[in-house]
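Step one of this worksheet: look at the structure below.
The values are calculated or read from the model by the stated rules, or taken from the named source; none is laboratory data. Predicted model only: the values in this text are computed from it and were never measured. Here the Cβ positions follow ideal geometry from the backbone for every residue, glycine too, while neighbour counts run over all protein chains shown. Keep in mind that these areas ignore ligands, DNA and RNA; they rest on the heavy atoms of the full protein, side chains included. Shrake-Rupley method; radii C 1.70, N 1.55, O 1.52, S 1.80 Å.
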Amino acid sequence: FLTGDERNLRPMILKDIADEIGMDVSTVSRVANSKYVDTPYGTRLIKDFFSESMKNDQGEDVSTKEIKKILEMTIEDENKRKPLTDDRLAKILKEKGYPIARRTVAKYREQLDIPVARLRKQI
């Protein structure tokens, strides 16, 4: 949290907070909705700090935001003349310790507003 690097954040959902303070999830959601926090790396929406989690190949919980960031960086570093397909991206993520399906890669890529490989190709 202190570095501003989303890859270092551990996943947490609203239910975690609700259980900790003994309130309903809907109450926590209303409180966190449209609220901001001033951090050393800028003003951020509180809800941005909550994400779902997935298990990596070591069985640790990792944030889906971490996986999306790695996916985004992988696509930025790809050869623009021969962009990586979703299937190839899934294999690369698996090699890095994030075993996710090709369909999940496609979903995350769409959420990041990154087009499919054939539309990313540059001549």
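For every other residue with a beta carbon closer than 14 angstrom to the beta carbon of E78, add +1 if it is Lys or Arg and -1 if Asp or Glu, then tell me the sum. Neighbour charge sum, excluding E78 itself: +4.
Legend: residues K94, K65, sorted from most to least accessible area (1.4 Å probe; ligands, DNA and RNA excluded), read K94, K65. The residues neighbouring I100, those whose beta-carbon lies less than 15 Å from its own, together hold a net charge of +2 under the Lys/Arg +1, Asp/Glu -1 convention. Accessible area of L84 (1.4 Å probe, protein heavy atoms only, ligands and nucleic acids ignored): about 40 Å².
To the nearest 10, the accessible area of D61 is 80 Å² with a 1.4 Å probe. Please say if the chain is rounded, prolate or oblate, where rounded means a/c under 1.5 for a ≥ b ≥ c the square roots of the C-alpha gyration tensor eigenvalues, and otherwise the choice is prolate for a/b larger than b/c and oblate otherwise? It is prolate, given that a/c is not under 1.5 and a/b is the larger ratio. Considering only Cα-Cα distances, which of the following residue pairs are longer than 31 Å: K35/K91; K80/K107; K35/K80; K35/K69? Pairs exceeding the cut-off: K35/K91; K35/K80. Accessible surface calculations at 1.4 Å, restricted to protein heavy atoms, place the chain at 68 Å² per residue. The GluC sites (Glu not before Pro) found in the range 45-91 that occupy coil by DSSP, while having at most 16 further C-beta atoms within 10 Å, are E52, E60, E78.
Exposed loop sites here mean chymotrypsin sites (Phe, Trp or Tyr not before Pro) with a DSSP loop assignment and at most 16 other beta-carbon atoms within 10 Å; the chain contains its longest site-free run at 42-123. Heavy-atom accessible area with a 1.4 Å probe sorts R88, R10, R109, largest first, into R10, R88, R109. D24 sits with roughly 90 Å² accessible to a 1.4 Å probe, with DNA, RNA and ligands left out of the calculation. A helix-only calculation puts the chain at -12000 deg cm²/dmol for mean residue ellipticity at 222 nm, using -39500 (n - 2.57) for each DSSP H run of at least four residues, averaged over all residues. Relative contact order of the range 12-123: 19 percent, from C-alpha pairs under 8 Å at least 6 residues apart in sequence. So how far apart, in nm, are the two label points at D16 and K121 if each is 7 Å from Cα heading toward Cβ? Computed distance between label sites D16 and K121 equals 4.2 nm. Sorting V31, V116 by accessible area puts them as V31, V116; the probe is 1.4 Å, largest comes first, and only protein heavy atoms count.
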